[in-house]
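What follows is a single structure, written as structure tokens, with notes after it.
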Amino acid sequence: MVKMAINMDYAERRNRDLTFLKRFKMSTTNLNIWYGAVHAVKNINLSIEKNKVIAIIGPSGCGKSTFLRSLNRMNDVILKSRIEGKILLDEKNIYDTDVDVVEIRRKIGMVFQKSNPFPKSIFENVAYGLRVNGIKDKNYLEQKIERSLKDAALWKEVEDRLDSLALDLSGGQQQRLCIARALAVEPEVVLFDEPCSALDPTATAKIEELIQELKKKYTIVIVTHNMQQAARISDFTAFFMLGELIEFDKTDKIFTAPSKKTTEDYITGRFG
Amino acid sequence: MKRRQKENLIQGFFCGLSLCSILFLLGIVIVLFKEGLPIFNVISFGKLFFGKFWYPTYEPADFGMLPLILGSLMVTVGALIISVPLGVASAIYISEVAHPKGKEFVKLLIELLAGVPSVVYGFFGMVFLAPLVQNFFGLPVGLNAFTAAILLGVMAIPTITSVSEDAISAVPESFKEASYALGANRWETTVKITLPAAMGGISTGIILGMGRAVGETMTVLMVAGGAAVIPHSFFEPVRTMTATIAAEMGETVVGGEHFHALFAIAIVLFLMTLTFNIIADFLSQRFRRRLR
């Protein structure tokens with residue numbers, strides 16, 4: 001009798017875990033990050049739902065970029081950073097010692113604040129990630145590059161000049177090229193670190209539209225300085241301040257009826 | 001008004017100072033050409049540059065520069081074969097691999113290499129390296145193009161390393177981050193992103209190092225062997241253009257044919273290094289534009 005109860009309990013928990021895993025692509029547990037002596041991210045527990053857009057907002061220096069960069073271990077590059085806690089991708093902690101960082105970064109792509117295409121041709125920019133992952137077949141490369149550029153809504157603008165230098169593109173085009181480059185390696189999650197902060201409104205609108213389209217295939221986390229942008233494109237919003245997660249909820253709830261005073265003050269523009 | 005006058009005065013002062021160095025350069029060029037060109041009254045252009053014999057004290061004298069040009073070329077190419085891989089590799093180590101402490105240490109050592117006077121290199125070559133080369137390869141003489149090339153190679157390393165290191169460090173961090181984010185490891189990022197992006201600066205360093213090797217005088221005078229004959233292998237004594245001028249200028253009659261011939265060599269050297277510098281400048285500018 002007792003044994004059965006335990007079994008049931010186990011089965012129930014297992015089921016609950018499975019539904020959790022099905023629903024959530026990534027989650028963090030008690031995540032803390034230090035840069036040297038600075039405690040940049042404090043005890044974050046956050047779950048990221050599959051095929052949704054999660055926006056992270058907050059004033060400058062609130063740790064939102066640091067948090068984002070920890071999701072694909074980009075902080076590893078920084079010498080003095082230290083991390084505690086767990087970040088699960090599906091059911092695997094990406095900070096486990098047996099995890100291949102390269103594999104993690106392939107699964108979790110990233111688009112940076114400043115568009116940073118390599119000083120190579122458009123074609124080679126998108127091909128780079130595929131090449132370092134060992135793909136040599138030219139036919140496959142060409143197909144994949146066309147697909148990625150189409151997904152990034154750039155194909156029509158560049159199809160007849162794939163061999164020209166990527167740095168000759170406009171700012172918005174460069175950013176979409178960076179998105180195409182990230183998509184080419186078939187990630188499961190795409191992280192955006194203030195992707196529009198250097199772009200004009202038209203280019204920004206294009207990228208926002210693109211992100212809406214991308215969430216059908218990918219899970220998206222976007223850090224943004226722009227609250228209207230978060231409201232426009234995200235399904236969930238996390239509000240960070242001084243390294244802490246103040247509030248995390250559905251976007252319309254955050255922007256219409258936030259449960260915390262600080263959140264309300266921030267989104268109504270009382271500070272930040 | 002007074003302030004403006006002061007401003008103008010200061011401007012004029014610095015302008016004058018910088019004009020001074022240009023004036024010196026101009027003076028050198030004028031003297032070079034004034035003393036070098038008269039040799040063409042005696043000997044044709046082709047015979048001077050492609051003549052196979054340099055016997056300036058014979059009667060009649062032979063002023064064929066080909067052995068000297070080939071000597072310089074051989075020693076320089078040999079030096080580059082040694083210094084380019086070592087210099088670029090050190091630059092990569094310093095800027096991409098080394099721990100901050102190791103970085104400072106290696107940088108210091110390489111800078112020290114640049115501070116050693118060339119006569120000390122020559123001395124080291126004569127006393128230590130030449131006998132070693134002679135015994136190791138079983139040669140009749142240790143003072144040859146090979147020994148000179150090793151020393152010049154070492155001497156060119158600091159130039160190549162410091163210019164290349166600057167270029168590699170100037171590659172924006174954002175390129176590397178993008179590469180890491182696509183699943184590239186450190187080595188792939190260095191080889192496929194950082195080095196190609198820094199290539200302009202690295203080639204500038206190589207060309208400047210080449211200029212250093214071509215222009216070096218004392219070391220080659222001491223260890224290259226000094227035979228003004230067309231070399232057939234790296235293990236034969238050679239004489240470079242610079243060593244010829246240094247060795248013979250003191251013993252020639254001012255205004256004589258030999259004197260003018262030595263100046264003609266100097267013109268060739270001047271034009272060569274000038275070309276190297278222009279190419280280096282062009283490359284570094286193109287590099288800067290590419291990275292914006």
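The values are calculated or read from the model by the stated rules, or taken from the named source; none is laboratory data. Keep in mind that what you see is a predicted model, and the values were worked out from it rather than measured. So basically every Cβ, Gly included, is an ideal-geometry build from the backbone, and we count neighbours across all protein chains shown. Surface areas here come from the heavy atoms of the whole protein model, side chains and all, with no ligands, DNA or RNA. Shrake-Rupley method; radii C 1.70, N 1.55, O 1.52, S 1.80 Å.
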Got at least one residue in segment A:89-104 being in contact (Cβ under 8 Å) with a residue 24 or more places away in the chain and within 13 Å of chain B (Cβ to nearest Cβ)? yes
Candidate set from segment B:140-174 (those that are open to solvent by less than 10 Å² (accessible area, probe 1.4 Å) and small (Gly, Ala, Ser)); member that is nearest to the other protein chains (Cβ to nearest Cβ): B:Ala167
Counted residues, segment B:111-121 - those being surrounded by fewer than 12 Cβ atoms within 10 Å (Cβ to Cβ) and not in a helix (DSSP H, G or I): 1
Could you please give the count of residues in segment A:142-164 that are surrounded by 16 or more Cβ atoms within 10 Å (Cβ to Cβ) and within 14 Å of chain B (Cβ to nearest Cβ)? 3
May I ask you to list the residues in segment A:29-43 that are touching a residue at least 12 places away in the same chain (Cβ under 8 Å) and assigned to a strand (DSSP E or B)? A:Thr29, A:Asn30, A:Leu31, A:Asn32, A:Ile33, A:Trp34, A:Tyr35, A:His39, A:Ala40, A:Val41, A:Lys42, A:Asn43
Got at least one residue in segment B:246-257 being within 25 Å of B:Phe276 (Cβ to Cβ), open to solvent by less than 40 Å² (accessible area, probe 1.4 Å), modelled with pLDDT of 90 or more and assigned to a loop (DSSP other than H, G, I, E, B)? no
Out of everything in segment A:105-118 that is touching a helix residue (DSSP H, G or I) at 6+ places or on another chain (Cβ under 9 Å) and under 17 Å from A:Lys50 (Cα atoms), what residue ends up being farthest from the other protein chains (Cβ to nearest Cβ)? A:Ile108
Selection from segment A:170-195 of residues that are more than 25 Å from A:Ile57 (Cβ to Cβ) and among the aliphatic types (A, V, I, L, M): A:Leu177, A:Ala180, A:Ala184, A:Val185
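Here are A:Asn93, A:Asn133: which of them is under 11 Å from A:Val185 (Cβ atoms) and surrounded by fewer than 22 Cβ atoms within 10 Å (Cβ to Cβ)?
A:Asn133
Do the conditions hold for A:Arg131, that is, is it under 21 Å from the mean Cα position of the chain (by Cα), free of Cβ contacts under 8 Å to residues at least 60 places away in the same chain and at the interface with chain B (Cβ under 9 Å from one of its Cβ atoms)?
no
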Lone qualifier among A:Leu68, A:Leu79, A:Leu21 - being at pLDDT 90 or above and among the aliphatic types (A, V, I, L, M): A:Leu68
Looking at segment A:44-76 only, could you name the residues that are under 21 Å from A:Glu208 (Cα atoms), in contact with a helix residue (DSSP H, G or I) (Cβ under 8 Å, 6 or more places away or on another chain), away from every other protein chain (no Cβ under 14 Å) and not in a loop (DSSP other than H, G, I, E, B)? A:Glu49, A:Val53, A:Ala55, A:Ile56, A:Ile57
Just for segment B:175-195: of the residues that are open to solvent by 30 Å² or more (accessible area, probe 1.4 Å) and over 31 Å from the mean Cα position of the chain (by Cα), which one is farthest from the other protein chains (Cβ to nearest Cβ)? B:Arg186
Can you name every residue in segment A:106-115 that is modelled with pLDDT under 90 and either of a type in the set (Ser, Thr, Tyr) or open to solvent by less than 20 Å² (accessible area, probe 1.4 Å) (or both)? A:Ser115
